[in-house]
Amino acid sequence: MTRVLDGNAVGDRIRDDLRDCIDTLEREGVTPGLATVLMSDDPASETYVSMKTRACEDLGIESVHRELDSSAPAEELFDTVEALNGDPSVHGILVQMPVPDHVDKRRVLRSIDPRKDVDGFHPENVGRLVAGDPRYKPCTPHGIQKLLAAADVDPEGEDAVVVGRSEIVGKPMANLLVQKAPGGNATVTVCHSRTDDLAAKTREADIVVAAAGVPEMIDGSMIAEGATVIDVGVNRVDADTEKGYELVGDVDFESAEERAGVITPVPGGVGPMTITMLLYNTVKAASLQAEVPVDLP
Ligand code: GUN
């Protein structure tokens, strides 16, 4: 029997524990605060950011939102980040990616105070993760680690194949899985658009993390019997629905489910975990900045 993991259920349990952490902070007069910054006309980015701010409000995290015209000068974005860096009520800052082409993405990542970098994308935080001393683990890979743990899938000694090498998911996922730490200790292969014979690699894997951003590219024929399949993809494809599109993952769920032992659905798998771990990092950021210890889940 294939187990279909429920990211909403696992995420809700973690959010319940985070509420206790927020209560501890509140007793010391600290309300965790997250600032989101959007400089994009992409409707998907707008949806993601509004989901993040709503999740904050539901949990008792103060959220502020800054929206910039996508054609505004890049300096406006840097000024916005600088003001948020200096605002003590803001513990976490998230600039939704991608930013417009005329804005230097790497400078954006470097501009956020690394202590407020709840995405974990600042070079200092990337370096700490790679060095095995993470401060903020990037939300999607961290969420996947929590989801695997909740499903009793221990990567230790397993062959894991990560498909995709993005800064946001692929690379940090590979780093977390290879760490000599709980939730790690896997033998990790990172595949990408230039990989020769991808199917030969994924077929050997105990754990496949599909994060390439290509709709339904991993099908059942590429999965070993009983493997764990984690689908990070959120792809809008044209469909005869009210909105004119539907969301599909990077995995062809129907055929993969027939062979997988454990699989995540889209939606309802990794997505809710990403948002949960953003809340987690924001609570951690408030705890570190206010020097109020909390018992993170
Ligand atoms: N764009 C897609 N995923 C993410 C994310 O996790 N954080 C940010 N800042 N932008 C994104």
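Laboratory data are not the source of any read-out in this text; all were calculated from the coordinates shown. From a predicted model like this one, the values you see are computed outputs, not experimental measurements. Heads up, the Cβs are rebuilt from the backbone with ideal geometry, glycines too, and the neighbour counts pull from every protein chain shown.
Between beta-carbons, use under 12 Å as the cut-off and find the net charge around Thr47, counting Lys and Arg +1, Asp and Glu -1. Mind dumping the intermediate values first?
Numbers: positive: Lys52, Arg54, Arg236, Lys243; negative: Asp42, Glu46.
Overall, the nearby charge balance is +2.
Relative contact order, percent, of the stretch 91-236 when contacts are C-alpha pairs under 8 Å separated by at least 6 residues?
Values: 233 pairs, mean separation 25.4, N = 146.
This gives 17 percent for the stretch 91-236.
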statement: As straight-line cross-link partners of Lys201, the qualifying lysines (C-alpha separation under 18 Å, not fewer than 8 residues apart within one chain) are Lys171
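What range in the chain is the longest one free of GluC sites (Glu not before Pro) that are in a loop by DSSP and have at most 13 other Cβ atoms within 10 angstrom?
Looking at the chain, 29-155 is the longest stretch - no exposed GluC sites (Glu not before Pro) with at most 13 other Cβ atoms within 10 Å.
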task: Report the antiparallel proportion of the DSSP beta bridges in the stretch 200-268 as a percent, rounded to a multiple of 5.
output: 35 percent
- line: A chain fully extended from Ala239 to Asp196 at 0.36 nm per residue, minus the present Cα-Cα distance, gains in nm 12.3 nm
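Run the dipole for the stretch 112-218 about the Cα centre, Lys and Arg Cβ at +1, Asp and Glu Cβ at -1, nothing else charged, and hand back the magnitude in debye, nearest 20. Walk me through the numbers before you get to the answer.
On the way: 12 positive and 16 negative charges, 76 e Å.
Here the size comes out at about 360 debye.
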task: Would you compute the Debye intensity of the stretch 25-104 from its alpha-carbon atoms alone, equal scatterers and no solvent, and pass along log10 I(q)/I(0) at q = 0.11, 0.16, 0.22, 0.25 Å⁻¹ to two decimals?
output: -0.30, -0.61, -1.01, -1.20
message: Once you place label points 7 Å from the Cα toward the Cβ at Ala131 and Asp42, how far apart are they in nm?
response: 3.1 nm
field: 222 nm mean residue ellipticity, helices alone, for the chain (DSSP H n ≥ 4; -39,500 (n - 2.57); rounded to 500)
entry: -12500 deg cm²/dmol
message: Output wanted: per-residue J couplings in Hz (rounded whole) for the stretch 25-36, from phi through Karplus 6.51 cos²θ - 1.76 cosθ + 1.60, θ = phi - 60°, x for Gly and Pro.
response: 5, 4, 4, 9, x, 10, 10, x, x, 10, 9, 10
task: Report, to two decimal places, the Cα Rg of the stretch 1-157 normalised by 2.2 N^0.38 Å (N = number of residues).
output: 1.13
Fluctuation leader among Asp12, Asp69, Asp240 - the chain, Gaussian network, Cα springs under 10 angstrom: Asp240
message: With bins 10 Å wide starting at 0, give me the P(r) of the chain over every alpha carbon pair, in whole percents.
response: 6, 28, 35, 24, 7, 0
- prompt: Restricting attention to the alpha-carbon atoms of the stretch 109-266, what are Rg (one decimal) and Dmax (integer), both in Å?
  reply: 15.9, 48
- request: Compute the FRET efficiency between Ala83 and Ser221 as 1/(1 + (r/R0)^6), taking r as their Cβ-Cβ distance and R0 = 45 Å, and round to the nearest 0.05.
  value: 0.30
- request: Quick one: net charge around Pro138, please, counting Lys, Arg +1 and Asp, Glu -1 for every other residue with C-beta under 14 Å from its C-beta.
  value: +3
task: With springs only between Cα atoms under 10 Å apart, run a GNM on the chain and tell me which of Ser193, Ser45, Ser287 wobbles the most.
output: Ser193
message: Need the C-alpha centroid separation for the stretch 1-35 versus the stretch 149-222, integer Å.
response: 26 Å
message: Within a 10 angstrom radius of the beta carbon, how do Ile112, Ile275 rank from fewest other beta carbons to most?
response: Ile275, Ile112
- line: Within the set Phe78, Phe121, Phe253, GNM on the chain using Cα springs under 10 Å gives the largest fluctuation to Phe78
- line: Net charge (Lys, Arg +1; Asp, Glu -1) of residues whose beta-carbon lies under 12 Å from that of Pro172, Pro172 excluded, is +2
task: Enumerate the calculated ³J(HN,Hα) couplings along the stretch 280-288 in order (Karplus 6.51 cos²θ - 1.76 cosθ + 1.60, θ = phi - 60°), each rounded to whole Hz, writing x wherever the residue is Gly or Pro.
output: 4, 5, 5, 5, 5, 4, 5, 4, 5
Scattering profile of the stretch 190-297 at q = 0.12, 0.14 Å⁻¹ [log10 I(q)/I(0), Debye over alpha-carbon scatterers]: -0.53, -0.66
